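Heads up: the structure comes next, in structure tokens.
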Amino acid sequence: MIDTLIQGILLGGYYAVITCGLSFMFSVMRIINLAHGSLAVAAAYGLWLLASKFGISPFTGLLIVLPVMAATGWVLQRYLLERSARGGALLPILTTFGLAIVIDNLMFEQFGADTRSLAPFIGSLSYDSWELPGGTYVGKLAVMTMATAIALLGGLQVFLGRFALGRAIRATAEDPDTAGLVGIDARKANALAAAIAMVTVGIAGAFLGMRATFDPYSGGPQLLFAFEAAVIGGAGSLWGTLVGGIVLGLAQSLGAQVHPQGFLIGGHAVFLAVLFARLFFTGAPFIGKIGFYKTGFTKIRAAIRSTP
Amino acid sequence: MTSVTNGITIERWTRSSRLALGSVALALALFAIAPLALGAGAIDRLTALFIYVILAAMWNALAGFGGLVSVGQQVFFGLGAYFTIRLADAGLNPFLSLFAAALITGAISLPISFFMLRLKGGEFAIGMWVISALTHMLVNLDRLIQGETGTSLISLNVYDSGTRRVVIYWLALASMAALLGILFALLRSRAGAAIQAIRDNEDAATSVGVRVIATKRLLFVLAAFGIAVAGALWLATATTFQPKTYFSVQWTAYMIFMVLVGGLGKFEGAILGAVLFFVIETFFGSMGVWYLIGLGATAVVFSLFLPHGLWGEIERRFDLRLLPVGYRLKLPGPTKIQWNQ
């Protein structure tokens, strides 16, 4: 039982890594990127290609893949998302969904249906573990993933709070027009945010490949997990992402103990339960903004709703 | 046509739209007698076309008119098929099971709507996908389905294959005509005015007293029912039920493609999109993965450059309305003001 709980919590570390890019993009651009999971899988394929063809270790490979992901994010925002967001809130959903189909099938065309993994390229790290007092084992990779999640979230927090560029992104997230008045280029800030989000997606892809197997169509499930963790943890702070990831990881690990299909059912069920509870007891927003709650408009709307 | 002062008229039916309605009736009549002349392959293909039209029209009703983009509509497609299997297994006539299953699915969509409709935009879109993924897992738990191995609609075997093919064809044709008719009537009714107001501007619609949630719920349940009919009919033509195939997000991808290309929020657009999709599938479907890449890329291009689709473009260029669901104001003289733009 203790073992299941520990594994569940550590699995949450991976979910936090894959979720932070999704909720970061949503909080800044108000866009949910439906190609999120597919892009993570694409990064995993990139690392796999470097490792299997050129013998580059996945960790070194990240030095190549992450800049490519950042550039992808920039281009994606400047040439696709920005344009489709001008046509209303619904179009980016369709654009990114179409993009996901293109990416998935291109990967299928290129790499075939075989499942791949980065585990063979990272030596003993994929199965090494530490023994805890009481005879439980924790995988070194899982601990590393959790540490990365914490470092990533902490790094984003510091970047958004302490750096001029980070503040520019926050200002754009809050109100792009007013940000423009004080000399912030909202388009640039958004593109930068997308680039940062894609870097985190690249890191998520690396851990996806190292801890498990993936195939060209793994992107859909990864998107769902990231979305679920974002909604569960959506208390309005970056750290909510970690909480959301851990709750999802726990629900899946416990579910798997109950039934062979319980892993997925447990995760989806806890997502719906949280959604249900939040909608009916607080009526609160689902994915909040970075580091601050939705204010103003939401409050006014709530006030209008409660007036008879 | 109502006459107002100064020669301004408000029109709904025009000469071209009366002509269009006549042609639709004629086309339906021709389709109805077509099996007398067509071979087995052609009948199966046309059945698929009718199912595509249903899917496109229902997704368009939800997204184009209700402003609810869902990437989880495959849940209703899968449930329509699943309940058909369940009911037929319980001894109900397989053809009756198709429609009973759709009714059950429509009824199930009502409680789902109570909390899904409180989500907005992308959250609703992916939230529906989660519902679909969970439902897929739960259906897999049913012993009758045997997990991903699946099962088939055995009770259809009592009919010989020729009769079966033609009956399913007629059922698909009748379902398509009925669902399009219901949607057309709904959009032209009082509720339709509310629906189109929501499509154009949700906040403005709320401010003039449109009951947004109730109206969206109506569309949500109608779409669930229609898509379940499509799923049940698809099961009847394919006979085998593998959960993975029916609960696949690919169905939603098809719906999005058809509606985006045809024209989001245009009644005629969804039909046009389904016909185009059918033609493209017929010619390029054998190209496998490149065909799917092409569909995805086309969807991206349309969402970026032609968000109102081909029909939106035709309507704008030629000022043409074949199956009008709105009104428009006609001023004396050459300029025409369009009512809903």
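The values are calculated or read from the model by the stated rules, or taken from the named source; none is laboratory data. Computed from a predicted structure; not experimentally measured. Cβ atoms come from the backbone with ideal geometry, glycine included; neighbour counts cover every protein chain shown.
Answer yes or no: is there a residue in segment B:173-193 that is among the hydroxyl-bearing types (Ser, Thr, Tyr), touching a strand residue (DSSP E or B) at 6+ places or on another chain (Cβ under 7 Å) and modelled with pLDDT under 90. Scanning segment B:173-193 turns up no residue that is among the hydroxyl-bearing types (Ser, Thr, Tyr), touching a strand residue (DSSP E or B) at 6+ places or on another chain (Cβ under 7 Å) and modelled with pLDDT under 90.
Among the residues of segment A:104-117, those that are within 8 Å of chain B (Cβ to nearest Cβ) and surrounded by fewer than 21 Cβ atoms within 10 Å (Cβ to Cβ) comprise A:Leu106, A:Phe108, A:Glu109.
Results for (1) in a helix (DSSP H, G or I); (2) β-branched (Val, Ile, Thr); (3) in contact with a helix residue (DSSP H, G or I) (Cβ under 9 Å, 6 or more places away or on another chain), shown as yes or no for each residue.
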position	(1), (2), (3)
A:Ile196	yes, yes, yes
A:Phe207	yes, no, yes
A:Tyr217	no, no, yes
A:Val247	yes, yes, yes
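Just one of the listed residues (B:Ile182, B:Ile195, B:Ile213) is touching a Leu at 6+ places or on another chain (Cβ under 8 Å) and surrounded by 19 or more Cβ atoms within 10 Å (Cβ to Cβ), and it is B:Ile195.
Which residue is farthest from the chain's Cα centre (by Cα), if the candidates are limited to segment B:6-64 and must be outside any helix (DSSP H, G or I) and charged (D, E, K, R)? Lay out the reasoning, then the answer.
Looking only at segment B:6-64, we keep the residues that are outside any helix (DSSP H, G or I), and these are B:8-14, B:37-39.
With the extra rule that they be charged (D, E, K, R), the set shrinks to B:11-12.
Numbers: B:Glu11: 27, B:Arg12: 24 Å.
Ranking the qualifying residues of segment B:6-64, first place goes to B:Glu11.
Among the numbered conditions (1) within 14 Å of another protein chain (Cβ to nearest Cβ); (2) part of a helix (DSSP H, G or I); (3) buried (at least 24 other Cβ atoms within 10 Å of the Cβ); (4) not hydroxyl-bearing (Ser, Thr, Tyr), the only one that B:Gly312 does not meet is (3). Exactly one residue out of A:Gly233, A:Gly183, A:Gly249, A:Gly205 is buried (at least 22 other Cβ atoms within 10 Å of the Cβ), more than 10 Å from chain B (Cβ to nearest Cβ) and modelled with pLDDT under 90: that is A:Gly233. Residues that are within 9 Å of chain A (Cβ to nearest Cβ) and surrounded by 15 or more Cβ atoms within 10 Å (Cβ to Cβ) within segment B:139-160 comprise B:Asn140, B:Gly147, listed in sequence order. Cβ-Cβ contacts under 9 Å between residues 6 or more apart (or on different chains), taken from a first residue in segment B:83-97 that is more than 17 Å from B:Ala172 (Cβ to Cβ) and among the β-branched types (Val, Ile, Thr) to a second residue that is at pLDDT 90 or above and in a helix (DSSP H, G or I), are listed as B:Ile85/B:Ser97; B:Ile85/B:Ala101; B:Ile85/B:Leu235. Within segment B:190-217, the set of residues being outside any helix (DSSP H, G or I) and either within 23 Å of B:His308 (Cα to Cα) or in contact (Cβ under 8 Å) with a residue 24 or more places away in the chain (or both) comprises just one member, B:Asn201. All conditions in (1) of a type outside the set (Phe, Trp, Tyr); (2) closer than 22 Å to B:Ala57 by Cα; (3) more than 14 Å from chain A (Cβ to nearest Cβ) hold for B:Thr239, with the sole exception of (2).
Entry remark, segment B:280-309: residues being at the interface with chain A (Cβ under 8 Å from one of its Cβ atoms), in contact with an Asp or Glu (Cβ under 9 Å, 6 or more places away or on another chain) and among the small types (Gly, Ala, Ser) number 1 in total. Of the residues B:Val75, B:Val69, only one is in a loop (DSSP other than H, G, I, E, B), surrounded by 14 or more Cβ atoms within 10 Å (Cβ to Cβ) and within 16 Å of the chain's Cα centre (by Cα); which? Selected residue: B:Val69, the only one of B:Val75, B:Val69 that is in a loop (DSSP other than H, G, I, E, B), surrounded by 14 or more Cβ atoms within 10 Å (Cβ to Cβ) and within 16 Å of the chain's Cα centre (by Cα). Between B:Gly150, B:Gly127, B:Gly162, the distinction of being within 17 Å of A:Pro221 (Cα to Cα) and out of contact with any Cys (no Cβ under 8 Å at 6 or more places or on another chain) belongs to B:Gly127 only. Summed over segment B:241-289, residues that are hydroxyl-bearing (Ser, Thr, Tyr), in a helix (DSSP H, G or I) and within 25 Å of B:Thr151 (Cβ to Cβ) total 4. Among the candidates A:Gly88, A:Gly21, A:Gly37, A:Gly73, the residue that is surrounded by 23 or more Cβ atoms within 10 Å (Cβ to Cβ), within 13 Å of chain B (Cβ to nearest Cβ) and either without any contact (Cβ under 8 Å) to a residue 12 or more places away in the chain or within 26 Å of A:Met144 (Cβ to Cβ) (or both) is uniquely A:Gly37.
So in segment A:27-65, with the set limited to residues that are outside any helix (DSSP H, G or I) and farther than 30 Å from A:Arg86 by Cβ, which one is nearest to the chain's Cα centre (by Cα)? First the steps, then the outcome.
Let us first name the residues in segment A:27-65 that are outside any helix (DSSP H, G or I), namely A:30-35, A:55-57.
Imposing the further condition that a residue be farther than 30 Å from A:Arg86 by Cβ reduces the set to A:55-57.
On the way: A:Gly55: 28, A:Ile56: 25, A:Ser57: 23 Å.
Ranking the qualifying residues of segment A:27-65, first place goes to A:Ser57.
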